[in-house]
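To start, the structure itself, in structure tokens.
Throughout, read-outs are computed from the coordinates displayed, never taken from laboratory work. Remember, it's a predicted structure, so these values are computed and weren't measured experimentally. Counting neighbours? That spans all protein chains shown, and the Cβs are built from the backbone with ideal geometry, glycine included.
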Amino acid sequence: MAIEAFAPAKVNLSLHVTGQRADGYHLLDSLVVFADVGDRLWFDPAETLLIEVTGPFAAGVPTDRRNLVWQAAQLAGWRGRIRLEKNLPHGAGIGGGSADAAAVLRAFGAAQRAAELGADVPVCLRTGPQRMRGIGDVLAPVPDFPAFDLLLVNPRIEVPTGPVFNGLVRKDNPPMPDAIPAFSDTAALCDWLGQQRNDLEAPARALAPQIDDVLTALGDAQLARMSGSGATCFGVYADATRAEAQIRAAHPDWWVARSRCLS
């Protein structure tokens, strides 16, 4: 029987770029949550490693060692057929390939090698809210997080991460406060997040003005912000049902996904 794994979308509720190391890695301070939408993987034993990709975003996904899923399987010492259902858009700032790789490592008990595959992979091994610092390697769970709806919206464009970081005016921005408070409800969370930032949002918007349209469409959310290096944006809602229907009707060509924040 095939082993099944889920790779949830990663959402950066805040993302402060606080420095850059001599080796080029950027230092971050980010509040990360995971949504209950994502990619799915199935693993069947076989003699050789093989990746098959299906799903709405299968086009363009490599099926060889260029894919982090392949690299993760090799690190885990597993060979066989991997069926990857690609439900998350590419180059979208919500984990994608990193989440897929983490799902492989989690399935085969090789989590300790996550950092070898990239800075986002270690946090994608978690499921609950996390504070992510350093180059993504310093993680701390954030307890007692309120439940809320996340509406994820992508205008179906890819934003290259490198040019976004290169577009930063400064790379030594202030971090988040030392302590993340306990939030009594979603309103309190959004009030606090309103004082935080995504430092990559401005350079991403300069590269992809369509992000402006997405943030405008999410204007009735309790909080609307870009995730990661873009171009996916999110809205925080008590109930996103109405907003989802309105945005789908107004922009049928966009990717829109309503989800809950995983605790």
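Summary of values
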read-out	value
Options 33, 61: the member that is among the hydrophobic types (A, V, I, L, M, F, W, C) and within 13 Å of residue 124 (Cα to Cα)	33
Residues (loosely packed, with under 14 Cβ neighbours inside 10 Å, farther than 16 Å from residue 93 by Cα and in contact with a helix residue (DSSP H, G or I) (Cβ under 7 Å, 6 or more places away or on another chain)) located in the stretch 175-214	181
Enumerated strands (runs of 3 or more DSSP E) restricted to the stretch 173-263, each holding at least 3 residues that are within 23 Å of residue 131 (Cβ to Cβ) and among the hydrophobic types (A, V, I, L, M, F, W, C)	223-226, 233-237
Every residue from the stretch 139-163 that is of a type in the set (A, V, I, L, M, F, W, C) and out of contact with any helix residue (DSSP H, G or I) (no Cβ under 9 Å at 6 or more places or on another chain)	140, 142, 150, 152
Positions within the stretch 163-172 being part of a loop (DSSP other than H, G, I, E, B), touching a residue at least 60 places away in the same chain (Cβ under 8 Å) and within 17 Å of residue 230 (Cβ to Cβ), in sequence order	168
Selection status of residue 95, in contact (Cβ under 8 Å) with a residue 60 or more places away in the chain, touching a Lys or Arg at 6+ places or on another chain (Cβ under 6 Å) and not aliphatic (A, V, I, L, M)	yes
